Amino acid sequence: MGVAAPHRNSTRQTRRRSPRRRARTRWTRAVVGLTTLLLVTLVVAGVWTYRSLSAEIDARLAVEWTPAPTQLFATEFDISPGIALDRRDLAGWLDELAYTERDRARGAGEFAVEPDAITLIERQGPHHGRTVRVRFTRDAAGRDRVSAIAIPPDGKAARISLGRPLLSVRSAAARRKHRIVPLAAIPGRVVQAVLAAEDHRFFDHPGIDPFRIAAAVVTNLTGDLPYLVGASTLTQQLVKNTMLTPGQTFTRKLHEQALSLLLERRLPKSRIVELYLNEVYLGQHGSFAIHGVTQGARALFGKDLHNLSLGEAATLAGTIQAPQRNTPARHPTRARTRRNAVLQAMVELDFITPDAAMAASREPIEAGAALVDVEAPYFADLVGGQLESMLNGPAPGVRVETTLDVRLQRLAEIAVQDGLRHIAGLSASSTAPDPQIALVAVDPRSGAIRALVGGNSYDGSQFNRAARARRQPGSVIKPFVYLAALERARYDPDFAFTPSSLIDDEPTTFMHDGRPWRPTNFGQTYDGAVTARLALARSRNVAAVKVAERAGLAAVAELWAHASGGTTPPPYPSLALGTFEASPLEVAAAYTVLANGGERVPLHAVAGVSRRDGIDVTLPPDPPVRVAGADSAFLVTQMLRSTFEVGTAAAARQRGFDRVAAGKTGTTDDLRDAWFAGFTPTLVTVVWVGHDDNRPLGLTGAQAALPIWTDFMRRAHEGRQPADFTQPPGVTRVEVDPVSGLLATARCPAPLLEAFRDGTVPDERCPLH
């Protein structure tokens, strides 16, 4: 009995504890189950996240990391003996052509500057690897010129072509300038400077740098800097700038770090640093974002990447941290401080010696030539528009050979800036805003646009006045009034008109639609009976209106529309004085008709397009248009030659322009617009000066536009052989008296060799002398 009682008590206790144990068991199982579920969920979520991030990375790697930009190339850069060029200028152009300056040229693509010569080794083309020695001399006016081009050991060349300069590189996705190069083409000092400035442990971490993260956290919590210190690696910066939105959230940062870790498992370090160096943002120039160290070297220093000094490489790398705050052009003091910090970091990493860093730190902080001046942005915008029209939409990744001559473009930019200073000197008010200037230069034989300036500053305004500004042309239309009269005389036997026809230049009231109109000559000067040649050279308004009425106002309007490629202006008498609207490009197109024997070759900026695979893109044909007879165009051209001798452009001769040329000034009512349109046998150039808001300029075409035209054309023709306008069949030249317009006698004091269409030579002799 004594043994049985404990057993019963134990049984009762077991029965009492059993519900609790079962409850604990159920709870334990629940916890295990929930834990297992949570772990499974986390595993599934992790796998899903990994696969999602991997898919994101794979999708990005499946296409080009950087979409191929459109590349715009200028025409071949040629040099020949006699051309106005000094060593510094040629060295700059070689830099544009991606040549590398050395103490001694040893390999293809290198050049060396000597006291009186430059030796270069051609980098491309049929003469790849050929050594060329360009010698210079100074002329009587003190200007340096190319005196000889030697091909060692004893050869000479009349001309050499050094390739097509890369004019501009543009992304199809945004307004950005971008030049993509392989890592092997990026100098080692540039790579080292960027690593020292941005991520010196790049080759040691897996995509994120825990040490920098910890250091940044401590600095941000305990430091007194006015900004937060970042810890992004090069890989993170690449991911942030090319794969993610610009937001600054914690989840986005985790996303960035995860993608960076995965990217480093997909790509080798060398490929990542190459992508970074080609993508890194380096600030704004005008409306364009600058991306990549190659484009950055051009934007910041006006140099090819290979020609950067150590100090410039460090400055470039230091700009990455805050491009707008550290740019050398705007903030040289900050740029110097940041550069020296990069140089010190390079020393600590054993990239350079302390002596090299000290020497580099003494380099002055200098910004190179403005990017907009180098890359002809107004012209590049015009090319973009023509490309979309030709190819029926955007054309990313193509190589475009343009018509731009970079030497002429540089001369045009210089002439415009010099013209601004000249106009400022003529202005009665020192507070008046600067006017805008547009310049267009074209080859009349092909319609190729060789130079184009659309305004004073692309940074200040991207509006292309050369192509889009529509202003009254004023008297630059007058040659087409006389051309219309000569064309009518061609087919109408009862209509006699020649360059020596007399016109009554007196104050006259004209009637149109029952309303009187009384134009006046500039300065209230009237010539009375005057030949058509002199009336045009002196820009007489009354004479021009009388000729327009004789030729037919509708005929003049239609002729202008065909010549310019623009719209037909209303056939009012004031049409003869250019009271309608036209763009500088339309005026240039019209003047090619005179220079090209009566044919208008459509103006174009694109010479050829090829895809990345090298296949040429077929461009739509744009054939020439016959506007007038070759004889009529030649007669007007000969008349316009007098503009430089006895007319409104005589000042051009005083400024040193001595080539055979024809041209016309233009000035609109209240002196609002100033024009000069003129041409030689090989180049048509139009200059417009005025204000965007149409306020009066206060200057005539001869005062504001002619000096710009003259300076540009004088320099543009230096080193070129003189040429004359070709006389077409069916034209005869005889001496006439410029006053009477009749055949000159031995007593005429200043006979003029005048051109006539066959059968229209005067048969009377001058009775005045």
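Among residues belonging to region 500-536 that are in contact (Cβ under 8 Å) with a residue 60 or more places away in the chain and either farther than 15 Å from Ala548 by Cβ or of a type in the set (D, E, K, R) (or both), point out the one that is surrounded by the most Cβ atoms within 10 Å (Cβ to Cβ).
Ranking the qualifying residues of region 500-536, first place goes to Arg533.
Hey, which of the helices (runs of 4 or more DSSP H) in region 621-727, taking only ones fully inside, have at least 2 residues that are basic (Lys, Arg), modelled with pLDDT of 95 or more and within 26 Å of Ala467 (Cα to Cα)?
Once the helices (runs of 4 or more DSSP H) in region 621-727 are filtered for at least 2 residues that are basic (Lys, Arg), modelled with pLDDT of 95 or more and within 26 Å of Ala467 (Cα to Cα), nothing remains.
Going by the conditions given, is Thr49 under 58 Å from the mean Cα position of the chain (by Cα), surrounded by 10 or more Cβ atoms within 10 Å (Cβ to Cβ), modelled with pLDDT under 75 and closer than 30 Å to Val169 by Cβ?
no
Can you name the residue in region 488-499 that is surrounded by 13 or more Cβ atoms within 10 Å (Cβ to Cβ) and charged (D, E, K, R) and, of all such residues, is farthest from Ala557 (Cα to Cα)?
Only one residue tops the list, namely Arg490.
Across region 735-769, what is the number of residues that are surrounded by 19 or more Cβ atoms within 10 Å (Cβ to Cβ) and part of a strand (DSSP E or B)?
Total satisfying the criteria: 7.
For region 718-734, what are the residues that are surrounded by fewer than 14 Cβ atoms within 10 Å (Cβ to Cβ) and either over 46 Å from the mean Cα position of the chain (by Cα) or hydrophobic (A, V, I, L, M, F, W, C) (or both)?
Scanning region 718-734 gives a single hit, Ala723.
Counting only residues that are within 16 Å of Gly730 (Cα to Cα) and among the hydrophobic types (A, V, I, L, M, F, W, C), how many does region 754-769 have?
3
What's the number of the condition Pro571 fails, among (1) touching a Pro at 6+ places or on another chain (Cβ under 9 Å); (2) in a loop (DSSP other than H, G, I, E, B)?
Here Pro571 clears every test but (1).
Which residues, counting only those in region 443-500, are acidic (Asp, Glu), more than 37 Å from the chain's Cα centre (by Cα) and at pLDDT below 95?
Residues satisfying the conditions are Asp492, Asp494.
For residues that are part of a loop (DSSP other than H, G, I, E, B) and of a type in the set (Asp, Glu), scanning just region 119-169, find the one that is most open to solvent (accessible area, probe 1.4 Å).
Once the filter is applied, the top-ranked residue is Asp154.
Do we have Ala231 as open to solvent by less than 80 Å² (accessible area, probe 1.4 Å) and either more than 27 Å from Ala59 (Cα to Cα) or at pLDDT 85 or above (or both) here?
Spelling it out, it is not the case that Ala231 is open to solvent by less than 80 Å² (accessible area, probe 1.4 Å) and either more than 27 Å from Ala59 (Cα to Cα) or at pLDDT 85 or above (or both).
Which of the residues spanning region 537-565 are open to solvent by less than 30 Å² (accessible area, probe 1.4 Å), assigned to a loop (DSSP other than H, G, I, E, B) and under 27 Å from Phe644 (Cβ atoms)?
Matches in region 537-565: Ser539 only.
Only one of these conditions is not met by Gln321: (1) surrounded by fewer than 17 Cβ atoms within 10 Å (Cβ to Cβ); (2) assigned to a helix (DSSP H, G or I). Which number is it?
Unmet condition: (2).
For region 349-369, give me each residue that is open to solvent by 20 Å² or more (accessible area, probe 1.4 Å), in contact (Cβ under 8 Å) with a residue 24 or more places away in the chain and assigned to a helix (DSSP H, G or I).
Within region 349-369, Ala356, Ala359, Ser361 meet the criteria.
Quick check on region 91-102. Is at least one of its residues open to solvent by 20 Å² or more (accessible area, probe 1.4 Å) and assigned to a loop (DSSP other than H, G, I, E, B)?
Yes; the residues of region 91-102 include at least one that is open to solvent by 20 Å² or more (accessible area, probe 1.4 Å) and assigned to a loop (DSSP other than H, G, I, E, B).
Pull out all pairs, ordered by first then second residue, where Cβ-Cβ is under 7 Å, the residues are six or more apart or on different chains, the first lies in region 392-419 and is closer than 13 Å to Arg715 by Cβ, and the second is open to solvent by 50 Å² or more (accessible area, probe 1.4 Å) and modelled with pLDDT under 95.
Leu411/Arg715; Glu413/Asp373
Would you confirm whether any residue within region 439-459 is over 26 Å from Ala595 (Cβ atoms), aromatic (Phe, Trp, Tyr) and surrounded by fewer than 22 Cβ atoms within 10 Å (Cβ to Cβ)?
no
The values are calculated or read from the model by the stated rules, or taken from the named source; none is laboratory data. Predicted model only: the values in this text are computed from it and were never measured. For neighbour counting, all protein chains shown are included, and Cβ atoms are generated from backbone atoms with ideal geometry for every residue, glycine included. Heavy atoms of the whole protein, side chains included, go into the accessibility calculation; ligands, DNA and RNA do not. Shrake-Rupley method; radii C 1.70, N 1.55, O 1.52, S 1.80 Å.
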